[in-house]
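A short write-up of the structure that comes next.
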Amino acid sequence: MSDNTQTKNAASGSNATRNRRSNKKAASNTGKIIVAVILILLIAVYGGGVYYYSNHFPHNTVINHVKVGEMDTAAAEKAFTDDLASHKISLKEKKRTEVIDANDVGTVINVGSQITDLHDSMNPWLWFTNLFGEKKYTVKLDVTYDEAKLEEVVNNLECFKKENVTAPKSAYIKAGDSQFEIVPEVLGNTVKKKALLQLIGTDLSTGITKIDFEKENLYKLPKYYAKDQAVTDALAKANKYASGTITYDFDYTKETLDYNTSKDWVKISKDFKVTLDESKVGDYIEKLGSKYNTMGSSRPFTTAYGSKINVYGGDYGWKIYFDKEKAQLIEELKSGKDVEREPVYSYKARCRKSAKNDIGNSYVEVSISNQEVWLFVNGECKVNSSVVTGDPTKGHQTYTGVYALTYKQRNATLTGPNAGGGSYSSKVSFWMPFNGGQGLHDATWRSSFGGSIYRGNGSHGCVNCPYSTAAVLYKYVEEGFPVIVY
């Protein structure tokens with residue numbers, strides 16, 4: 001290759017390099033210009049936004065549910081006024097939805113400076129932050145309404161009409177066929193009127209358009225629910241108190257106390273405190289006593305002569321000890337256990353063959369009219385003799401009735417006042433009292449017995465017996481032995 005050719009090639013390469021450098025520089029300048037233009041535009045847009053939103057609410061601004069974005073304060077205030085003209089509050093109830101119209105309750109809005117104050121509190125330099133979603137604000141406007149009209153409108157709502165209202169009712173416990181059971185609560189739909197009026201008033205001021213009664217707890221609720229601990233505990237306790245069966249053994253028959261009776265004795269208060277009605281327990285024991293007590297009652301009796309008579313009075317017989325039986329029965333009911341026993345007695349007879357026959361076939365029989373005494377032991381007459389009873393002409397008559405022998409004593413001294421004054425003191429070998437100071441005893445100072453001696457020369461009330469008769473009596477009788485006097 002010649003030198004000229006080489007020179008030309010070198011010059012050509014140098015020009016190409018210069019051209020490339022020139023193109024790059026031009027492109028770089030163009031990019032800078034574009035960036036500068038964009039920055040200028042952004043600054044212009046941002047600055048324009050700052051200027052614009054200094055007098056307008058930013059985009060996506062919502063105040064009290066009213067959209068005021070891009071509005072100036074005057075337009076925003078008008079939007080509130082226009083909104084109020086159509087403001088309705090939807091009342092979501094259990095079975096229906098009703099509506100309160102702000103115009104029906106004389107609502108008046110005074111926007112005042114609150115909208116302007118809210119706008120002035122906003123930073124226009126941050127207007128662009130509202131481009132990415134709604135920003136919600138709440139202001140309490142100066143809203144007035146006619147309270148009387150509001151109450152009238154509320155009173156006329158369907159939810160307050162008597163035929164539509166079901167009152168709430170707490171769960172309670174009732175006696176079922178075989179045990180106590182829980183009756184579930186009734187929630188009802190009774191509205192708290194005062195709370196509703198207050199909430200509507202607040203919502204008129206804040207622009208709320210919907211009130212959900214259940215979410216706002218506007219329904220009156222029961223105090224107690226079926227699953228409450230107090231209720232379930234009371235159920236368990238009530239069933240325990242009434243679950244036990246008490247069987248009373250009266251020898252010739254039995255009396256059963258079970259749930260059918262005791263359920264009426266279980267008291268459950270409004271706050272689910274469980275107790276036993278002790279007065280009803282007492283009434284039951286009284287009835288039990290009326291049915292099975294024999295002390296002092298009239299008894300059919302067949303005399304030694306075969307006559308059928310009724311003997312009334314005396315202290316012999318069965319008698320339930322009211323206080324102790326009541327205390328024991330209450331304790332057993334609370335335990336919930338089944339029990340079989342005889343009642344707690346304050347007095348017991350010798351036997352219980354039937355409701356009226358508690359004497360049996362071992363007893364002392366005294367006939368005042370015949371002036372005789374008999375001793376029967378297991379149906380066998382051990383002794384029979386004439387006696388002298390109390391003198392009725394001097395007010396010392398021997399009292400009739402069926403008595404329990406109090407005790408027996410050897411070699412006793414009997415003392416007491418005489419009818420005509422003074423006192424007496426008599427020594428006896430066999431003393432067997434049955435009615436206070438009246439009793440059976442030997443009377444060795446007497447030479448004869450029976451007949452009509454007792455009228456005018458009778459005892460001070462005792463049954464005077466021949467010594468041998470008293471000795472036989474003393475041998476067989478014991479404390480509680482029945483003595484029939486007629």
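Check region 93-111 and report whether any residue there is of a type in the set (Gly, Ala, Ser), surrounded by fewer than 17 Cβ atoms within 10 Å (Cβ to Cβ) and within 45 Å of the chain's Cα centre (by Cα).
No: region 93-111 contains no residue that is of a type in the set (Gly, Ala, Ser), surrounded by fewer than 17 Cβ atoms within 10 Å (Cβ to Cβ) and within 45 Å of the chain's Cα centre (by Cα).
For region 430-455, enumerate the residues that are touching a helix residue (DSSP H, G or I) at 6+ places or on another chain (Cβ under 7 Å) and either of a type in the set (S, T, N, Q) or modelled with pLDDT under 95 (or both).
Correct list: THR444 only.
Within the bounds of region 402-418, is there any residue that is among the aromatic types (Phe, Trp, Tyr) and at pLDDT 95 or above?
Checked region 402-418: at least one residue is among the aromatic types (Phe, Trp, Tyr) and at pLDDT 95 or above.
Which of the residues that make up region 426-474 are closer than 21 Å to ALA404 by Cβ and without any contact (Cβ under 8 Å) to a residue 12 or more places away in the chain?
Result: GLY436, single match.
Could you tell me which residue of region 375-392 is nearest to the chain's Cα centre (by Cα), considering only residues that are surrounded by fewer than 19 Cβ atoms within 10 Å (Cβ to Cβ) and in a strand (DSSP E or B)?
Step by step, filter region 375-392, then rank; the result is VAL377.
Give just the number: which of (1) surrounded by fewer than 15 Cβ atoms within 10 Å (Cβ to Cβ); (2) on the phi < 0 side of the Ramachandran plot does GLY395 not satisfy?
Every condition holds for GLY395 apart from (2).
Given the criteria within 58 Å of the chain's Cα centre (by Cα), under 15 Å from VAL366 (Cβ atoms) and assigned by TED's automatic domain parsing to the domain that holds SER452, does TYR399 qualify? If you could, list the steps in order and put the result at the bottom.
Working: within 58 Å of the chain's Cα centre (by Cα): yes; under 15 Å from VAL366 (Cβ atoms): yes; assigned by TED's automatic domain parsing to the domain that holds SER452: yes.
Yes: the conditions hold for TYR399.
Could you list all residues from region 307-355 that are of a type in the set (D, E, K, R) and assigned to a loop (DSSP other than H, G, I, E, B)?
Answer for region 307-355, where residues must be of a type in the set (D, E, K, R) and assigned to a loop (DSSP other than H, G, I, E, B): ASP315, LYS337, ASP338, GLU342, LYS348, ARG350, ARG352, LYS353.
Here's the yes/no breakdown for (1) touching a residue at least 60 places away in the same chain (Cβ under 8 Å); (2) farther than 18 Å from GLY289 by Cβ; (3) of a type in the set (A, V, I, L, M, F, W, C):
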{"residue": "ILE309", "(1), (2), (3)": "yes, yes, yes"}
{"residue": "TYR316", "(1), (2), (3)": "yes, no, no"}
{"residue": "TYR321", "(1), (2), (3)": "no, no, no"}
{"residue": "SER335", "(1), (2), (3)": "yes, yes, no"}
{"residue": "SER346", "(1), (2), (3)": "no, no, no"}
{"residue": "VAL373", "(1), (2), (3)": "yes, yes, yes"}
{"residue": "ASN378", "(1), (2), (3)": "no, yes, no"}
{"residue": "ASN384", "(1), (2), (3)": "yes, yes, no"}
{"residue": "TYR399", "(1), (2), (3)": "yes, yes, no"}
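In region 398-437, which residues are closer than 25 Å to GLY296 by Cβ, crowded, with 21+ Cβ neighbours inside 10 Å and out of contact with any Phe, Trp or Tyr (no Cβ under 7 Å at 6 or more places or on another chain)?
Of everything in region 398-437, those that are closer than 25 Å to GLY296 by Cβ, crowded, with 21+ Cβ neighbours inside 10 Å and out of contact with any Phe, Trp or Tyr (no Cβ under 7 Å at 6 or more places or on another chain) turn out to be THR398, TRP431.
Can you name the residue in region 43-65 that is crowded, with 17+ Cβ neighbours inside 10 Å and outside any loop (DSSP other than H, G, I, E, B) and is also nearest to the chain's Cα centre (by Cα) among such residues?
For region 43-65, the residue satisfying everything is ILE63.
Do you know which residues across region 112-132 are within 16 Å of ASP72 (Cβ to Cβ) and outside any helix (DSSP H, G or I)?
Result: SER113, MET122.
With respect to ASN130, determine if the residue is over 26 Å from GLY201 (Cβ atoms) and either touching a helix residue (DSSP H, G or I) at 6+ places or on another chain (Cβ under 8 Å) or surrounded by 14 or more Cβ atoms within 10 Å (Cβ to Cβ) (or both). First the steps, then the outcome.
Working: over 26 Å from GLY201 (Cβ atoms): yes; either touching a helix residue (DSSP H, G or I) at 6+ places or on another chain (Cβ under 8 Å) or surrounded by 14 or more Cβ atoms within 10 Å (Cβ to Cβ) (or both): yes.
Yes: the conditions hold for ASN130.
Assess whether HIS65 counts as being at positive phi, touching a Gly at 6+ places or on another chain (Cβ under 9 Å) and assigned by TED's automatic domain parsing to the domain that holds VAL139.
yes
Among the residues of region 225-252, how many are in contact (Cβ under 8 Å) with a residue 24 or more places away in the chain and surrounded by fewer than 18 Cβ atoms within 10 Å (Cβ to Cβ)?
The total comes to 13.
Only one of these conditions is not met by ALA148: (1) part of a loop (DSSP other than H, G, I, E, B); (2) over 25 Å from LYS94 (Cα atoms); (3) out of contact with any Asp or Glu (no Cβ under 9 Å at 6 or more places or on another chain). Which number is it?
(1)
The values are calculated or read from the model by the stated rules, or taken from the named source; none is laboratory data. Everything numeric here is computed off the predicted structure, so don't read it as measured data. Don't worry about glycine lacking a Cβ; one is built from the backbone with ideal geometry, like all the others, and counts go over all protein chains shown.
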